[in-house]
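Computed from the coordinates by the stated procedures, all read-outs in this text should not be read as laboratory data. Nothing here was measured: the structure is a model prediction, and the numbers come from that model. Cβ sites come from the backbone with ideal geometry, for glycine too, and all protein chains shown count toward neighbours.
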Amino acid sequence: MPLADIVLITGAYLFGSIPYMLLLGHARGFDLSQEEDLHIATYHKVGPLEGLSGVFVDIMKGVLPIVVGFTCGFSLPVTVAAGVAGVLGQMWPVLRKFNGEKGNSVGAGMILTLTMFLTTTTSPLAYWVFIITLIPGLTGFIIRTIPRIKATGKTAKERGFFGGPVSNSLPLGMIISFAVAPLASCLLSQPLELTVGLLVLFIAILVRRLTARLGADLKTPLTSVSSILVNRLLYDRSYL
């Protein structure tokens, strides 16, 4: 593999590994290292704008490797690999002893950017992959968010993006989105590299859902192991 390809993929992984929200929390006097969800913790403990900036930075971890890959003339397999590397960096960051986040925001940024570039270059129907992928996740977000926005007697922070109780609809919608992405790519006869990259992304997100802090939950389980694993796969947490 040419050195430039290695640099792009490695750089994407390291960029994905940057602990932006931990650094932001530290700068504001908060230790977020033990929080289960850094986005929620940043939103509530540091501030709403800072929490939203964390989402933006994570999305960029999936966007920028694809932008660099296409604009600098890298091959499609290498560009896709760089996008996946950015997601893996966020999930298993070397700077946090390989214990990171869940990859949803980074993966969404990767899929959006990759399909849009392909649409404008070699595969005019690639944007349909993103649209089909978007529907389940957007549906889950709407089901989760609209009632919170309309709720009375709540503060603006409680009704905001990360306000309110833990959701079932959003994590379920997200995993369905990542599951249908490679299927949509295959059925629409998109480039094999795109289909394989989306399949690897889906598998990686499943593995991260299953394994994140799993050891701690299994030490003192409150229900059966099978229930814990199913809840993790569908709802991104051990207990409902």
Query raised in the report: So what are the ³J(HN,Hα) numbers for segment 56-73, from phi and the Karplus equation (6.51, -1.76, 1.60; θ = phi - 60°), rounded to whole Hz, Gly and Pro as x?
Result: 4, 5, 5, 4, 5, 5, x, 7, 4, x, 5, 4, 4, x, 6, 6, 9, x
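Stick to the Cα atoms of segment 107-180, pair each with every other, and give me the Kirkwood hydrodynamic radius in Å at one decimal. List each step's numbers first, then the result.
Numbers: mean 1/r = 0.0733 Å⁻¹.
Radius from the Kirkwood sum: 13.6 Å.
By the scheme Lys and Arg +1, Asp and Glu -1, what is the net charge of all other residues having a beta-carbon under 9 Å from that of Arg159?
+3
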Query raised in the report: Where does helix 126-150 land angle-wise versus the long Cα axis of the chain, in degrees 0 to 90, nearest 10?
Result: 10
Report task. Quick one: Debye curve from the alpha-carbon atoms of the chain only, equal weights, vacuum; give me log10 I(q)/I(0) at q = 0.08, 0.11 Å⁻¹ to two decimals. Result -> -0.31, -0.59
Query raised in the report: If you count, for each residue, the other Cβ atoms within 10 Å and average over each peptide, how do 181-189, 169-177 line up from highest to lowest?
Result: 169-177, 181-189
Query raised in the report: Which angle from 0 to 90°, rounded to the nearest 10, does the C-alpha axis of helix 225-235 make with the longest principal axis of the chain?
Result: 70
Report summary line: Per the charge dipole of the chain (beta-carbon charges, Lys/Arg positive, Asp/Glu negative, Cα centre), the residue among Ala181, Gly16, Gly137 reaching farthest to the positive end is Gly137
